[in-house]
1. Would you mind computing, in nm to one decimal, how far apart the modelled labels at residue 228 and residue 198 are, each placed 7 Å from Cα along Cα→Cβ?
2. Tell me what the chain gives for mean residue ellipticity at 222 nm when only DSSP H runs of n ≥ 4 count, each as -39,500 (n - 2.57), the sum divided by the residue total, rounded to 500 deg cm²/dmol.
3. Only Cα pairs within less than 10 Å get springs; with that Gaussian network setup on the chain, which residue of 36, 123, 163 has the largest fluctuation?
4. How high is the relative contact order of the chain? Use alpha-carbon pairs under 8 Å, at least six apart in sequence, and give a whole percent.
5. Going by a ≥ b ≥ c, the root eigenvalues of the Cα gyration tensor, does segment 212-268 fall in the rounded group (a/c under 1.5), the prolate group (a/b larger than b/c) or the oblate group?
6. Starting from the Cα of residue 367, step 7 Å along the direction of its Cβ; do the same at residue 153; then give the gap between the two resulting points in nm.
7. Suppose each label sits 7 Å from its Cα in the direction of the beta carbon; what would the residue 284-residue 17 distance come out to in nanometres?
8. What does the extension gain come out to for residue 161 and residue 219, with contour length at 0.36 nm per residue minus their alpha carbon separation?
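Coordinate-derived values only; no laboratory data. Model, not experiment: these values are computed from the prediction. Here the Cβ is made from the backbone with ideal geometry for all residues, glycine too, and neighbour counts use every protein chain on show.
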């Protein structure tokens, strides 16, 4: 019976370091943020204490953190699928908007149906709307070799203009239609169409749905044939094609599913938080930049659906806590934006470094397999 080959301690240490890289990246970003605070003559310890209290200092703060984390997690789940399929989805903002538009339309149109049925249809409409908006760049990438980064960014711009047109025209709140200074928003949803909340907080059922979906996405990617084929295409499309996998189909599917989860994130924002669609004319006016921050949460979780849960909570905490830090220690809002940007840059950079280290380990392993052990070589030469 052949002996089981054990990994050397050095390899285990290297893998542990790779898994902790996002944590080190976040700490490095916070350190640079502390230096910036010192230049502003602000005590970094007091500032970060305010950040912590704002995110986890009370039950209501924790609830707000989880509310912020919910759309991040849903977007991150879609990113895990698309990036594993080696297609880059930068269109989460637009997909959230289109999903929210369709979900809102369901709630404003079918007002006589039971609440649970309308909520179900609305979540499904948001899922399908995001899938449509993600599937278009996927189709262009797979069959016409159009760069998916450019196409998804362009689809974001189209979605924003579509939202602005609808919220200022066909879907505008009738109460705003006659006013001189119209607010671009829809009419509010009926109370029975709102996702259940954990009273007295704003934490809604969408957070639990997102966690359940994270488990299901893990099962999809690592326990089903469909997920295996998506990952195979992402690892090596040429080998996947040689093995009989229809690469183009799974490229489209990866972006379609990625967009679907972003669309669902938009639907949960409407039915769990805002109870209507409202914007300031920009994408972030509705999404809160969740379509972009969800990408960073997925990278922080190393493109693993389960690890994306704590990663999303972390970034939700940064968003909620940074607002209290701004109020408590009187730092400029630009510093809060810069701090979040630092975390994004460092986490993305750590992912690049992790992939480089992974390639180095694979190259070293291949080199060891090619060279026979010295003892065996010596015995072979002696026998000759």
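1. Here the modelled spin labels are 3.8 nm apart.
2. The helix-only estimate for the chain comes to -25500 deg cm²/dmol at 222 nm.
3. Top of the fluctuation ranking is 36.
4. It rounds to 33 percent for the chain.
5. Verdict is oblate for segment 212-268.
6. Here the modelled spin labels are 3.7 nm apart.
7. Distance between the two pseudo-spin positions: 3.6 nm.
8. Extra length available between residue 161 and residue 219 comes to 17.2 nm.
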